[in-house]
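What follows is a set of notes on a single structure, which appears directly below.
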Amino acid sequence: MWVREAGFQSLLDPKFLQVDRFFLSWLSGRWDPDTQLLRIRDDYEIKIDEEMVGRIFGLQFSSNLLEIEDPCAKDTEYLKIKSKYSNKWGIGHGTVLDKLEKHKSKREKFLRDFILYSFGCLFCAVLNNYISPSLCWLLKQRYLLDNPLKWNWAHYVLKVMKSEHKNGGNKAGVKGGALVLMIAYLDRMNLGDKVQIWDIEFARLGMWQQPDLDYAIGKDTCEGGYVVAEVVRTIDF
């Protein structure tokens, strides 16, 4: 109930538990963070903007931008929150899961744990397999607890996507926002009777079932790579 009231109901909707990390890594290499263009085929690219991020992930987008202030290292609230989760390498997923279980009857603490874990796993993954401590900025009172429906969360996720791809350079791996690239890509596969039609009332994150996900990736897979499935070049909204 607390998660839905805060506007993050889409985080409760994913219906797949496993994704092909090789596929996600390959997709990460097909997205240009400067132009924001994802290469579906050599003659077909789509732009990943904040509206698409919002539609896919079911996140708020508005004129109220959620920005990390510089230098955040001097922000006492941020540092206090960070100290509760982080070690010298980052934030361990197990650490946050333990806190989720411990705080399941305490609204504010549970919301912070849940959003940190969800954003760290689904939206803003980093190459070192830890949750980035910078995400603790999202857990501040004014953003998450006072009025979370006010803020442009989609803009923030897109900004992190661009930053992680630029910082990662040519390193292979699953970089920030890989799931939005996966869904945007697979939504454009021609899957016959399994064609995906967008309904903007629902986040695309919750529309993909595990069997459909496996089927779509499998249909696009060939020996040594991907890019074999027929694509559609228009999407019904």
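A few notes on this one:
- Count - residues of region 87-135 that are more than 24 Å from LEU181 (Cβ to Cβ), modelled with pLDDT of 90 or more and not in a helix (DSSP H, G or I): 5
- Residue match in region 174-192 (condition: surrounded by fewer than 17 Cβ atoms within 10 Å (Cβ to Cβ), at pLDDT below 90 and out of contact with any His (no Cβ under 9 Å at 6 or more places or on another chain)): yes
- When residues in region 1-45 are screened for being in a strand (DSSP E or B), among the aliphatic types (A, V, I, L, M) and more than 18 Å from PHE123 (Cβ to Cβ), 2 of them pass.
- Boolean, PHE8 is under 19 Å from GLY176 (Cβ atoms), surrounded by 13 or more Cβ atoms within 10 Å (Cβ to Cβ), without any contact (Cβ under 8 Å) to a residue 12 or more places away in the chain and of a type outside the set (A, V, I, L, M): no
- Close pairs from region 130-152: first more than 15 Å from ILE81 (Cβ to Cβ), partner of a type in the set (Phe, Trp, Tyr) and assigned to a loop (DSSP other than H, G, I, E, B), Cβ under 7 Å, at least 6 apart: TYR130/TRP89; ASN152/PHE61
- Close pairs from region 205-230: first within 12 Å of ASN190 (Cα to Cα), partner among the small types (Gly, Ala, Ser) and outside any helix (DSSP H, G or I), Cβ under 8 Å, at least 6 apart: ALA216/ALA229; LYS219/ALA229; ASP220/ALA229
- Out of ASP34, ASP49, ASP42, one residue alone is more than 17 Å from the chain's Cα centre (by Cα) and within 19 Å of SER163 (Cβ to Cβ). It is ASP34.
- Residue match in region 67-74 (condition: under 20 Å from the mean Cα position of the chain (by Cα) and either under 29 Å from LEU144 (Cβ atoms) or surrounded by 14 or more Cβ atoms within 10 Å (Cβ to Cβ) (or both)): yes
The values are calculated or read from the model by the stated rules, or taken from the named source; none is laboratory data. Values in this document were obtained by computation on a predicted structure and should not be read as measured data. Because the Cβ atoms are built from the backbone with ideal geometry, glycine has one as well, and the counts that use them run over all protein chains shown.
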